[in-house]
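First the structure, in the form of structure tokens, and then the observations on it.
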Amino acid sequence: MKSFKSNQLYQLTLTQFLETIREPEVLFWGIIFPVLISIGLGLAFTQKTESKFHVILVETQPTELDSLLCLYAQPEQIEGKEIRTWKVPDDILGNTAFRFERKDWHSAIVSLKRGEADLIVTDSTGRMQYHFDPHNSQAQLAYMKLSALVHSPEASVTTTAAAPIRPLTLKGVRYIDFLVPGLIAFGIMSSILWGVSYTIIERRSQKLLRRMIATPMKKSNFLFALMFVRILMNIVEALILFFFVWWLFDIQIQGNIGALLVLFMAGNIAFTGIAVLVSCHTSKTEVGTGWINAVQMPMMILSGIFFSYHNFPEWSIRIIKLLPLTALTDGIRSIFNEGAGWMEIITPSVALSVFGMLCLVIGMRFFKWY
């Protein structure tokens, strides 16, 4: 036991671990912040019982909508402005509430640009005209619901439908089920890039690396210590995040937990290699921060963390699937939500591990200790 405690790798790992946990910022951004994101977005997308839409009326003469508002909408005064609210109950798809406010055209456009309104309704010889951004899915939904309501208000209120609706309540189809695997994968990437790359660059800029290699320390032990600490922190962060979402949203791992651990380790290997490659030669923290963000930001946006990458053009999807964060996210998500096992994760695990080792070899080839 005494000889183990005096082991150089053990001492380096312990020192790096103590330095890490003594930083409040590391604990907040690495552990608390992902939990807050999952709770906030989970509550926003799973506990929502009413869809709300803000409609601006710009009319010079009454339309068919005005007579319907007199029958179904409730008037109220909010901050000196008259607002009419039309609530449409629906036990199957959730309630809908339209807020109608009258403004001039210029003010209506300003509200639309600020995201305060979804639709603008104008009149043309007494007929309604709808104005909205066609690329805004929220505005499209508001238009479809309001136009259907104007066409047949009684049918909408009683929620009759030509065909029965069967809402899905299966595990894995909620947004929170989609989000959590992505947050776990993103946490691995972010923790290693900043925990390994930035640490190396900062110590190089402070001339600490030069002093460390002047001691009997093995160079490989220093890098292994950084890697071990980040993997340990990633495990702790992932477990805490999973515990909270399991407790609040009843998320379950439907696939093989052993396969999940293997894929988790493969992701850590991949991003450790990338981290060493990014930091192999940079000696200025400003430049290093730029390189880390240049690696992290595109993958955070493209790899399907917060929304599906299938929203991007078809030609780009093949390229996006080659990104290491995409492979890791898709693999973790398949285990969580699709019941994937060993056979499904062999390819991404091997690809991530090989890619990480290749980056590590290249990074060490050009690594500068001073």
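Given an 8 Å cut-off on Cα distances and at least 6 residues of separation, report the relative contact order of the stretch 50-157 as a percent.
Once divided by the residue count of the stretch 50-157, the mean separation gives 32 percent.
Please turn the phi angles of the stretch 316-323 into ³J(HN,Hα) values with the Karplus equation 6.51 cos²θ - 1.76 cosθ + 1.60 (θ = phi - 60°), one per residue in order, whole Hz, x for glycine and proline.
Per residue, the Karplus-derived 3J(HN,Hα) values read 8, 5, 4, 5, 4, 5, 7, 5 Hz.
Do you know the relative contact order of the chain, to the nearest whole percent, from alpha carbon pairs under 8 angstrom that are 6+ apart?
Rounded, it is 20 percent for the chain.
Go ahead and estimate [θ] at 222 nm for the chain from helices alone: -39,500 (n - 2.57) per DSSP H run with n ≥ 4, summed, over the residue count, rounded to 500.
My calculation for the chain gives -19000 deg cm²/dmol from helical runs alone.
Through the Karplus equation 6.51 cos²θ - 1.76 cosθ + 1.60, θ set to phi - 60°, convert the phi angles of the stretch 274-289 into ³J(HN,Hα) values in whole Hz; use x for Gly and Pro.
Once θ is set to phi - 60°, the couplings for the stretch 274-289 become 4, 4, 5, 5, 5, 9, 5, 10, 7, 10, 10, 5, 5, 5, x, 4 Hz.
Starting from the Cα gyration tensor of the chain, take the square roots of the eigenvalues, sort them a ≥ b ≥ c, and report rounded, prolate or oblate (rounded when a/c is under 1.5, otherwise prolate if a/b is larger than b/c, else oblate).
prolate
Pop the C-beta distance of GLN254 and ILE301 into the FRET formula with R0 = 30 Å and round what comes out to the nearest 0.05.
Rounded to the nearest 0.05, the efficiency is 0.60.
Is there a pair in LYS219/LYS284; LYS113/LYS145; LYS52/LYS103; LYS284/LYS321; LYS219/LYS321 whose C-alpha atoms are over 23 Å apart, and which pairs would that be?
LYS284/LYS321; LYS219/LYS321
Apply the a/c threshold of 1.5 to the C-alpha gyration tensor of the stretch 210-328 and tell me whether it is rounded, prolate or oblate.
oblate
Output ³J(HN,Hα) for the stretch 355-370: one whole-Hz value per residue in order, computed from phi by the Karplus curve 6.51 cos²θ - 1.76 cosθ + 1.60 with θ = phi - 60°, and x for Gly and Pro.
For the stretch 355-370, the Karplus-derived couplings read 4, x, 5, 5, 4, 5, 5, 5, x, 5, 5, 10, 5, 10, 8, 8 Hz, x marking Gly and Pro.
Based on the alpha-carbon gyration tensor of the stretch 290-358 and its eigenvalue square roots a ≥ b ≥ c, which shape applies: rounded if a/c is under 1.5, prolate if not and a/b is larger than b/c, or oblate?
Note, shape of the stretch 290-358 comes out oblate.
Give me the extension gain from MET364 to GLU116: residue separation times 0.36 nm, minus the current Cα-Cα distance, reported in nm with one decimal.
So the chain would gain 84.1 nm between MET364 and GLU116.
For the residue pair VAL354 and LEU36, what label-to-label distance in nm results when each label sits 7 Å from Cα along the Cα-to-beta-carbon direction?
In this crude label model, VAL354 to LEU36 measures out at 4.2 nm.
Could you state the number of Å between the C-alpha centres of the stretch 303-370 and the stretch 82-152?
41 Å
Hey, got a sec? Which trypsin sites (Lys or Arg not before Pro) in the stretch 196-264 land in a DSSP loop and have at most 11 other Cβ atoms within 10 Å?
Taking the stretch 196-264 and a limit of 11 other Cβ atoms within 10 Å, the loop trypsin sites (Lys or Arg not before Pro) found are LYS207.
Every read-out reported here was derived from the displayed coordinates using simple, explicitly stated rules and does not represent laboratory data. In this text, all values refer to a predicted model and were calculated from it rather than measured experimentally. Cβ sites come from the backbone with ideal geometry, for glycine too, and all protein chains shown count toward neighbours.
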